[in-house]
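As structure tokens, the structure follows; a few thoughts come after it.
What follows draws every value from the coordinates through simple rules; no lab data is involved. Because the structure is a prediction, the values reported are computed rather than measured. In this analysis, Cβ positions are derived from the backbone assuming ideal geometry, glycine residues included, and neighbour counts consider all displayed protein chains.
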Amino acid sequence: MIAVLDCTLRDGGYINDWSFSKLAINKIIDKLVESNIDIVECGYLSQSKGKKGDSSLYPTIDDITPILNNIRNNDTKFACMINFGEYRIQDIPDQGHSKLHLIRLAFHKKDLHDAISYASLLIRKGYEVYLQPMVTMAYSDADIMELVEASNKIHPQAVYIVDSFGTLTNADIKHYTTLLHNNLEHDIALGFHSHNNLQLALSNSVYFIDLVKNWRSLIVDSSVFGIGRGAGNLCTELITRHLMGKKMGNYNVQPLLEIMDEYLLPLYVRHPWGYSAAYYLSAICKCHPNYATYLLSKQTLQVRSIENILSLIPASERLQYNLKLIDDLYLNYQTTSIDDSNTLESLKSKLEMQNILVIASGRSISIECEKINSYINREKPIIISVNFIPKNIEVDYLFISNRKRFDMLNHFPSNQTIITSNIIDRSPDCLSVNYNKLLNQSPVISDNSGLMLLSLLKKIGVKNIVLAGFDGYSENSTENYCEDRLIFAIQDKNYTLLKNEEISSILSEFGKTLNIQYITKSAYCKLYMRQK
């Protein structure tokens, strides 16, 4: 038997912080049931992170019960996932006649034996249990046999191969599948959870099915529209279509497309997921995708630079995300020290006593262009733009600290280009300044270009600065820039809010020693006033 387990409401929660309304949760489950999906995963169970109300991250099993009681069920089974360590076993009620049939237990290799003990207690309480050994590629053959031996003792309903980083090839899948199939008790199902970093989720899942479909029960995970963190997952609508074509299932794809159209497409517009160069690189470098996400979110690096930094991650650190490590690697990669004393002296002589207008690339410079031009005509400031050249404003200097932007801007006169030392292929005629001397202490926005320029201006004694285009970040990147070609990455909502808060805080510190004014609308100005 081959079963499809849909994890839209759980894995999809990484996209919207599990903020599905109760109505959406009910409608999505209803449509999955209507599609004859074999197993519907309703979300996560977590006492430490769960949320009451509109969320598929539930603090208790009691929060799931009313949802399932409203479902018109056929033969569909309902599941939730627990990350080992996030729910006390004594607080889980017996399964009894609950519609929550099974619990998937996710755990890291270091927790294997404790997780097996926990799973054994879940089984005693009447639940079907699926074991999810995260990052299966971290397991040696001896580790797999240890997992098999422990599983055979407690007899879970299923044991999974989990391709956490989307790195597994057909050869890898054959190896793990053969090892598990040949040694697990014959009535324990095999499961496969894929990610789409290399666009192999569908082909790998089909290959997995074909390997042992005639000898063992199989479970394949998927989500509608492939919704999931990073590169996303196998699409439920694609795998069900494939299985029907092979006469290995009886599914109804239409309700899946309705879920996509009514609930997921609007979410995708705001928070896209799916294949990208960064996720491809994380897969081929066999590292946690958050490393690539972090570097991508910087919006300062070319793809070749991202690959170079990922290759520097020690093998022992690749599978567990370490924010400090990747931040240190990033800053070390960017740092190239130079003697910039002559440049600083030259800039000081030209700018110290001037009023400076700093123009960033926010949309407000297009919307409020008349106000900016009026100020320029009236005050005659020295104008410095940050990582871009405005279309209708003639600037005196261009400040560049962003490698990606440099390739778009190297036609600007070199002797008017202030450039940081991390950009090594700069012209010798550029006004080069030390990158690492302009950084701030925030790990989130340590090399924000606008703040680096302000640090430089403060360093050379400038006192009066007017800001334009310092709008603040929106979670919708299409709203962030005055030109579409400047859009490099879609922002995560929480990360966007954090960046705005951090930048505002540092701007307020600058405001203690510099006379800073805004002539265009800015979220930073509002946050600064709130802090005061």
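Under conditions of 25 °C and 0.890 mPa s, the range 264-367 yields 144 µm² s⁻¹ as its translational diffusion coefficient, taking Rh as the Kirkwood radius over Cα pairs in the Stokes-Einstein equation. Around the Cα centre of the range 277-334, unit charges on the Cβ atoms of Lys, Arg, Asp and Glu (plus for the first two, minus for the last two) sum to a dipole of about 80 debye.
How high is the relative contact order of the range 277-334, given as a whole-number percent (alpha carbon pairs under 8 Å, six or more residues apart)? Computed value for the range 277-334: 37 percent relative contact order. Give me the net charge for the shell around Ala142: Cβ to Cβ below 13 angstrom, other residues only, Lys and Arg +1, Asp and Glu -1. Combined, the nearby Lys, Arg, Asp and Glu give -3.
Ordering Ala231, Leu257, Ser311 by the projection of their Cα atoms onto the charge dipole of the range 227-327, which places +1 on the Cβ of Lys and Arg and -1 on the Cβ of Asp and Glu, puts Ser311 at the extreme positive end.
Using C-alpha pairs below 8 Å separated by at least 6 residues, the relative contact order for the chain is 11 percent. Over all pairs of different C-alpha atoms in the chain, the reciprocal of the mean inverse distance, the Kirkwood hydrodynamic radius, equals 25.6 Å. At q = 0.13 Å⁻¹ the log10 of I(q)/I(0) for the range 275-432 amounts to -0.75, computed by Debye summation with a single uniform scatterer per C-alpha, solvent ignored. The stretch between Asn183 and Ser117, if pulled fully straight at 0.36 nm per residue, gains 21.7 nm over its current Cα-Cα span. Over all distinct Cα-Cα pairs of the range 277-334, the Kirkwood formula returns a hydrodynamic radius of 10.9 Å. Considering only Cα-Cα distances, which of the following residue pairs are longer than 19 Å: Lys298/Lys371; Lys459/Lys512; Lys51/Lys499; Lys324/Lys499; Lys31/Lys213; Lys22/Lys52? In this structure, Lys298/Lys371; Lys51/Lys499; Lys31/Lys213 exceed 19 Å between Cα atoms. Two numbers describe the Cα atoms of the range 212-285: Rg and Dmax, which are 14.7, 44 Å.
Normalised by the number of residues in the range 2-270, the average gap of Cα pairs under 8 Å and 6 or more apart makes the relative contact order 20 percent.
Calculated mean residue ellipticity at 222 nm for the chain: -11500 deg cm²/dmol, from DSSP H runs with n ≥ 4 weighted as -39500 (n - 2.57), summed, divided by the residue count and rounded to 500.
Simple spin-label estimate for Thr65 and Lys246 gives 4.0 nm between the two label positions (7 Å along the Cα-to-Cβ direction from each Cα). Rounded to whole numbers, the Karplus 3J(HN,Hα) couplings from phi for the range 83-100 are 7, 3, x, 9, 8, 5, 4, 5, 8, 8, x, 4, 5, x, 9, 5, 7, 7 Hz, using 6.51 cos²θ - 1.76 cosθ + 1.60 with θ = phi - 60°, and x at Gly and Pro. In angstrom, the C-alpha Rg and Dmax of the range 341-531 are 15.5, 44.
If you plug the beta carbon distance of Asn392 and Glu317 into 1/(1 + (r/R0)^6) with R0 = 51 Å, you get a FRET efficiency near 0.60.
The aspartates and glutamates within cross-link reach of Lys99, meaning a Cα-to-Cα straight distance under 18 Å and a gap of 8 or more places when in the same chain, are Asp6, Asp30, Glu34, Asp38, Glu41, Asp62, Asp63, Asp75, Asp91, Glu128. Applying the criteria of a DSSP loop state and at most 16 other Cβ atoms within 10 Å to the chymotrypsin sites (Phe, Trp or Tyr not before Pro) of the range 287-393 yields Tyr321. For the chain, a crude dipole built from +1 on the beta carbon of Lys and Arg and -1 on the beta carbon of Asp and Glu, taken about the Cα centre, is about 980 debye to the nearest 20.
The protection proxy used here, the mean number of other Cβ atoms lying within 10 Å of each residue, ranks peptides 507-517, 354-364 as follows, highest first: 354-364, 507-517.
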